[in-house]
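Scroll down for the structure; my scribbles are underneath it.
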Amino acid sequence: MQSPEGGPTPLTDEEEQRARAVLFSDLGNAVSERGWVRFPAYSPEERRRLVDVAHRLSAHWGQQVFIEAEDQCAMKLYLAGHGPQPMNPPLP
């Protein structure tokens, strides 16, 4: 749905809580299964929502869930050891 200004209509508080609960469950399951998940985030609000989910997962599991922007359209949530790799691997 579009607001009169042409941007997306903000979610109600109840809709926002449901959206975050679904993301917490779905993204949490993906991260626990493979150590990471990539998810689209096109707006600042979508990015804030994913950052909140990562923080909630960290508190729930007692281990940090890292989050980073992969590009303008996607964020990656991951556990230690499943994130960005060094550009220049160490020499043997």
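The values are calculated or read from the model by the stated rules, or taken from the named source; none is laboratory data. Keep in mind the model is a prediction, meaning the values are calculated, not measured. Note that we place each Cβ from the backbone using ideal geometry, even for glycine, and neighbour counts take in every protein chain shown. To get the accessible areas, we keep the full protein, side chains included, count just its heavy atoms, and leave off ligands, DNA and RNA. Shrake-Rupley method; radii C 1.70, N 1.55, O 1.52, S 1.80 Å.
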Open item on the list: Every residue in segment 44-70 that is closer than 22 Å to Pro10 by Cα and touching a Pro at 6+ places or on another chain (Cβ under 9 Å), please.
Closed with: Glu45, Glu46
Open item on the list: Which pairs turn up if I take residues in segment 17-30 that are under 20 Å from Leu79 (Cβ atoms) and look for partners that are open to solvent by 50 Å² or more (accessible area, probe 1.4 Å) with beta carbon separation below 6 Å, at least 6 apart in sequence or on another chain?
Closed with: Phe24/Arg56
Task: Scan of segment 42-62 for residues that are part of a loop (DSSP other than H, G, I, E, B) and either under 15 Å from Gly83 (Cα atoms) or modelled with pLDDT of 95 or more (or both), ordered by number - done: Gly62
Open item on the list: Anything in segment 37-48 that is touching a Lys or Arg at 6+ places or on another chain (Cβ under 6 Å) and of a type outside the set (A, V, I, L, M)? List them, or say none.
Closed with: Arg38
Task: segment 18-39, subset part of a helix (DSSP H, G or I) and basic (Lys, Arg), residue least open to solvent (accessible area, probe 1.4 Å) - done: Arg20
Open item on the list: So, Ser32, is that one modelled with pLDDT of 95 or more and under 18 Å from Ala80 (Cβ atoms) or not?
Closed with: yes
Open item on the list: Out of the residues in segment 63-86 meeting the condition of being at pLDDT 90 or above and open to solvent by less than 30 Å² (accessible area, probe 1.4 Å), tell me which one is farthest from Leu50 (Cα to Cα).
Closed with: Leu79
Task: Inter-residue pairs, beta-carbon under 6 Å, first touching a residue at least 40 places away in the same chain (Cβ under 8 Å) and in segment 31-45, second part of a strand (DSSP E or B) and surrounded by 14 or more Cβ atoms within 10 Å (Cβ to Cβ), 6+ apart - done: Val31/Val37; Val31/Leu77; Trp36/Tyr78; Val37/Leu77
